[in-house]
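The values are calculated or read from the model by the stated rules, or taken from the named source; none is laboratory data. From a predicted model like this one, the values you see are computed outputs, not experimental measurements. Cβ: placed from backbone, ideal geometry, glycine included. Neighbour counts: every protein chain shown.
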Amino acid sequence: MIEIKNLYKRYHNHHANSWVLENVNLTIPPNVSVGLVGPNGAGKSTLLRLIGGMDTPDKGEVIRHSSLSWPVGLSGGLQTSLTGRENAKFVARLYVPEKDVPNIVKKVEDFAEIGAAFNDPVKTYSSGMKSRLSFGLSLAFDFDVYISDEATAVGDKAFKEKASKAFKEKVGQASLIIVSHSTGILKELCQAGIWLDQGKAIWYDDINEAIEAYYQSAGFSDKKKLNYRRIARKYKKMANAQKQKISALQNQITELQEANPNP
Amino acid sequence: MLTQRTPWQITRSVWYALYMRELLARVINNRFAWFWMVFEPLAFIAIMVAVRVVVFGREKVLINADFIPWLIVGLLSFFLFREQMIRLMGAVTANKALYAYRQVKPVDTVFVRSGLEGLLKTFVFSLFIVFGLLLAIPMWPQDWWVVLYAWLSLWALGFGIGLTLSVLATMVEEVGIIFRMLTLPLLLISGVIIPLTYLPHHLVEYLLYNPIVHGIETIRLGFYPDYHTVQGITMQYLWYWALSTTALGLILHLRFEAKLKTK
């Protein structure tokens, strides 16, 4: 169980000192997986960082009655000059007594499935291999609650399926708190939802209701419209990039023409 | 559910994990690390001996001590202090990614770095003594206890100042730049290269405000008890500095822990 009491958070790098999170009161019951939804900048990641203890609130507190993971799939903590095995050992030492370390390292090795590369320095890894290693690290420990920020979005497709299968297997013993823009993943893995809107956090027992509330406030009656907008934005971006390329080429042509007036 | 550990057990395993990580990254996986650790002081000594021959000729400048071992002892002691100060200053930022693991605190990274750097410097110093003796340079400490005491005192002084600066330099970047610039003038006013007895008395009075001088002259007295140094060398003064900066550093770490984590 995680209790959040009178939580306030703001960042001081804005002109106005507006609260990112204002008076948030929530209780996340044990064994309930929660999805955080809301527009960009609503404070989803901030709330997740506060729950995970990576940041401290300006007012209020977070009381954790369960063991919490670090953000799943986090690869910033990997020391790139060390091997995958050495990195796994490091994290294992932080979390379990020395006698259990080899056990954890074995689990990481099995889950990551990167073969002999496990004994190579992390700087030689591809980004896919890095994300496999980070996932393996998170899943090797038996946390009560796993937190994840868009993490299921990294890695190739087959591995993504393996990761979400691993999470599903942990249902009953462990729960999730995730931030994701993919409604598919949220609906698949979560039961409850928190909708963040203008500094307020609203709890929904059903994740579908939370998603619906978010879409309605954003002016989309359903997911389809949101998708169309996203696609339209993407094409606009591509068109702009093409336009820039064309004008650059045109400039080049005029330059060449000026340089060689008589071909 | 993870096994419950006491805070002290957790702290110890964090220190051990960080220590192994730093050791592997800094020494084992970096082939040139050893070379530089020995070569840097060696090159410095060679240059200073050359300078001495140019400036003083063959004239004897020290009473009851040979110039080369005198210089080696002074330089290595100064490097111990300098490396503590500089390396500790960067410890908090260098391990920034690790604060996602909640049990790692900024102050842990400073402790571990100090320990590792100190041990490495001690090892290099022993290496110089052994090789010096093999080359028939009179480097046998006459009073082991004084040498050990002065060495540990300089370590403590470097630790205290480094601990304080690790907070200040992380919060205000310019502090780090200024202190990095200060290392060369510090080398000059610490009596490492120019014997203090060579300087006019009114100048020496001011130089004695620098605590490093006291440590370096004491360690030299441990090697050569009859060596003529200046009046007013006292380890008590050095320890005032070491203890007060350590206390200040710990207070700063306690007060600004949250800021350091997110900086």
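Residue-wise test of (1) within 14 Å of another protein chain (Cβ to nearest Cβ); (2) part of a loop (DSSP other than H, G, I, E, B); (3) at pLDDT 80 or above.
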residue	(1), (2), (3)
A:Ala117	no, no, yes
A:Lys130	yes, no, yes
A:Ser134	yes, no, yes
A:Asp142	yes, yes, yes
A:Lys162	no, no, no
A:Ala166	no, no, no
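Here's the yes/no breakdown for (1) modelled with pLDDT under 90; (2) hydroxyl-bearing (Ser, Thr, Tyr):
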site: A:Ser180; (1), (2): yes, yes
site: A:Lys187; (1), (2): yes, no
site: A:Gly199; (1), (2): yes, no
site: A:Ile202; (1), (2): no, no
site: A:Asp206; (1), (2): no, no
site: A:Gly219; (1), (2): yes, no
site: A:Lys225; (1), (2): yes, no
site: A:Asn240; (1), (2): no, no
site: A:Gln244; (1), (2): no, no
Item checked: Only one of B:Leu62, B:Leu88 that is modelled with pLDDT of 90 or more and not hydroxyl-bearing (Ser, Thr, Tyr) -> B:Leu88
Next item on the list: State whether one or more residues within segment A:71-91 are hydroxyl-bearing (Ser, Thr, Tyr), under 27 Å from A:Val32 (Cβ atoms) and either surrounded by 14 or more Cβ atoms within 10 Å (Cβ to Cβ) or outside the structural domain of A:Val32 (by TED's automatic domain parsing) (or both).
Entry: no
Notebook entry, point to check: Do you know which residues across segment B:234-263 are at pLDDT below 90 and outside any helix (DSSP H, G or I)?
Noted result: B:Lys263
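Give the residues of segment B:152-178 that are under 21 Å from B:Glu117 (Cα atoms), of a type in the set (A, V, I, L, M, F, W, C) and in contact with a helix residue (DSSP H, G or I) (Cβ under 6 Å, 6 or more places away or on another chain), sorted by residue number. Before the answer, list the steps.
Filtering segment B:152-178 down to residues under 21 Å from B:Glu117 (Cα atoms) leaves B:152-170, B:176-177.
This time we only want the ones that are of a type in the set (A, V, I, L, M, F, W, C), so: B:152, B:154-157, B:159, B:161, B:163, B:165, B:167-169, B:177.
Once the filter is applied, which keeps residues that are under 21 Å from B:Glu117 (Cα atoms), of a type in the set (A, V, I, L, M, F, W, C) and in contact with a helix residue (DSSP H, G or I) (Cβ under 6 Å, 6 or more places away or on another chain), segment B:152-178 yields B:Leu154, B:Trp155, B:Ala156, B:Leu157, B:Phe159, B:Ile161, B:Leu163, B:Leu165, B:Val167, B:Leu168, B:Ala169.
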Check: In segment A:79-91, which residues are in contact (Cβ under 8 Å) with a residue 12 or more places away in the chain and either hydroxyl-bearing (Ser, Thr, Tyr) or at the interface with chain B (Cβ under 8 Å from one of its Cβ atoms) (or both)?
Finding: A:Gln79, A:Thr80, A:Ser81, A:Leu82, A:Thr83, A:Lys89, A:Val91
Item checked: Residue list for segment B:103-144, filter: of a type in the set (Val, Ile, Thr) and part of a loop (DSSP other than H, G, I, E, B) -> B:Val104, B:Ile137
Notebook entry, point to check: Does segment A:40-56 contain any residue that is within 11 Å of another protein chain (Cβ to nearest Cβ), over 15 Å from A:Ser148 (Cβ atoms) and out of contact with any Leu (no Cβ under 9 Å at 6 or more places or on another chain)?
Noted result: yes
Check: Restricting attention to segment A:58-76, and to residues there that are facing another protein chain (nearest Cβ under 9 Å) and touching an Asp or Glu at 6+ places or on another chain (Cβ under 9 Å), which single residue is modelled with the lowest pLDDT?
Finding: A:Leu74
Note to self: The conditions are (1) within 15 Å of B:Arg82 (Cβ to Cβ); (2) buried (at least 21 other Cβ atoms within 10 Å of the Cβ); (3) free of Cβ contacts under 8 Å to residues at least 40 places away in the same chain, and B:His214 fails exactly one of them. Which is it?
What the structure shows: (1)
Margin query: When you scan segment B:39-56, do you find a residue that is assigned to a helix (DSSP H, G or I) and more than 21 Å from B:Ile193 (Cβ to Cβ), even just one?
Written below: no
Margin query: Please go through (1) within 26 Å of A:Ser175 (Cβ to Cβ); (2) surrounded by fewer than 21 Cβ atoms within 10 Å (Cβ to Cβ); (3) away from every other protein chain (no Cβ under 14 Å) for A:Ala112 and return the number of the only condition it doesn't satisfy.
Written below: (2)
Check: Which condition does B:Val230 not pass, out of (1) away from chain A (no Cβ under 14 Å); (2) in contact with a Ser or Thr (Cβ under 8 Å, 6 or more places away or on another chain); (3) part of a helix (DSSP H, G or I), if it passes all the others?
Finding: (3)
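Can you name every residue in segment B:10-19 that is more than 7 Å from every other protein chain (Cβ to nearest Cβ) and either over 21 Å from the mean Cα position of the chain (by Cα) or free of Cβ contacts under 8 Å to residues at least 12 places away in the same chain (or both)? If you could, list the steps in order and put the result at the bottom.
Let us first name the residues in segment B:10-19 that are more than 7 Å from every other protein chain (Cβ to nearest Cβ), namely B:10-12, B:15, B:18-19.
Across segment B:10-19, the qualifying residues are B:Ile10, B:Thr11, B:Arg12.
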Margin query: Would you confirm, using the coordinates I've provided, whether B:Val92 is surrounded by 19 or more Cβ atoms within 10 Å (Cβ to Cβ), over 22 Å from B:Met20 (Cα atoms) and touching a helix residue (DSSP H, G or I) at 6+ places or on another chain (Cβ under 7 Å)?
Written below: no
Next item on the list: Look at segment A:97-138 and say how many of its residues are under 18 Å from the mean Cα position of the chain (by Cα) and either without any contact (Cβ under 8 Å) to a residue 40 or more places away in the chain or over 23 Å from A:Gly184 (Cβ atoms) (or both).
Entry: 8
